[in-house]
Structure formats: C-alpha cells, structure tokens
Amino acid sequence: MIEEKRTYYVDINSESILPEPVESTSFVIQATAKEVQALEAVFEKKYEHDLETYVRSHIPFLEYHHDPENDRYDASQKMIYAILYVLGNKEAKEHIEEMGIMTDNKSEDPEDIRHLR
C-alpha cells in the first residue's frame, strides 16, 4: 500500500515539521509519514552533532577544517537540505539551489537521499 503524501511546513530555525503554516515557516514539502520521520531523525542527529561541536569549540588548538565533529554537523545540515529539496515544492527547490548548499562534491546524492526517492 502506497502511503499518502501530505503537505507539511518546515521551520528550519526551530527544526519543526508542522501540519499547518506559521509565520516562520521556511519550506513547504509533500511527504509521507515515513519521510517526515526520516527528516525528524536527521534533525535529531544534527542536534547531537551540534553538541559535539560545542565541546570541540573549547579546544583552541584544533582547527575547524581538521575537525570530524564539524564535518558531521555540516553533513547533517546538508542532508536536511537534500531531503527538503527532494520533498519540497518549487519554491523550496529554487531557494535551496540559490543557497548553493548542495554543490559540495563530498556529499552529492548521499545513499540516504536515494532511499527517499
């Protein structure tokens, strides 16, 4: 049985996925319940990676570009935008393209995104 897609409103700042629009809504997506759960899981992982970067930030001699914690945070951020791009409406896709966040060759078309298609 194919799950029905519904409209959701994603607020990047609060990392919320809402069934109704609010003032701060950043993106409109069409998603199944399973896809919403996947996006929520990536938001949760990003939060965990953010805490890791906080700890790392207190080590002054460790540079950002030699830091696996920041790499994981960056990857989770890109994953969020990749999912939003796949599920988003035309405006969401255009905005993400304008941001240029998906142009990094290290994370083009990650395995997890292919599973959402």
(request) Kindly list the number of the only condition in (1) modelled with pLDDT of 80 or more; (2) surrounded by 18 or more Cβ atoms within 10 Å (Cβ to Cβ); (3) not basic (Lys, Arg) that fails for GLU97. (result) (2)
(request) Take the stretch 9-25 and flag every residue that is without any contact (Cβ under 8 Å) to a residue 40 or more places away in the chain, in contact with a strand residue (DSSP E or B) (Cβ under 8 Å, 6 or more places away or on another chain) and surrounded by 15 or more Cβ atoms within 10 Å (Cβ to Cβ). (result) TYR9, ASP11, SER16, ILE17, THR25
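The values are calculated or read from the model by the stated rules, or taken from the named source; none is laboratory data. In this text the structure is predicted, and so the values were computed from the model without any measurement. Cβ atoms come from the backbone with ideal geometry, glycine included; neighbour counts cover every protein chain shown.
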